[in-house]
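Shown next, in structure tokens, is the structure this report addresses.
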Amino acid sequence: MIGYIGADVPVEYITAAGLLPLRLSGSPGTPSTDGDRYLGTGLDPAARSVLTRLLAGDF
């Protein structure tokens, strides 16, 4: 199993490598304070939210 972010990831390559692709999602409406600290506010809000969830141990 491998987690990925975004719609432009070639999941066919992940599957061909024998892995199970799992699209990681953020939490809309939840502040992404930790994600903002490490990535800044100029990056995609979904990516910042996913990082916040990763740092919190949600995945």
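How far is helix 45-56 tilted, in degrees, relative to the longest principal axis of the Cα atoms in the chain, given as a value from 0 to 90 rounded to the nearest 10? That works out to roughly 90 degrees. Dividing the convex hull volume of the alpha-carbon atoms in the chain by its residue count gives 82 Å³ per residue. Packing order of peptides 7-13, 21-27, highest average first: 21-27, 7-13 (average count of other Cβ atoms within 10 Å over each peptide's residues). Summing +1 for each Lys or Arg and -1 for each Asp or Glu among the other residues whose beta-carbon sits under 14 angstrom from that of Y38 gives 0.
In this Cβ point-charge picture (+1 for Lys and Arg, -1 for Asp and Glu), the chain has a dipole of about 100 debye about its Cα centre.
Farthest toward the positive end of the dipole of the chain, out of Y13, G57, G26, is the Cα of G57, where the dipole comes from beta carbon charges about the Cα centre.
We did not get these values from a lab; they are worked out from the coordinates using the rules stated. On a predicted model such as this, the values are computed, not experimentally measured, just so you know. Note: ideal-geometry Cβ built from the backbone for every residue, glycine included; neighbour counts use all protein chains shown.
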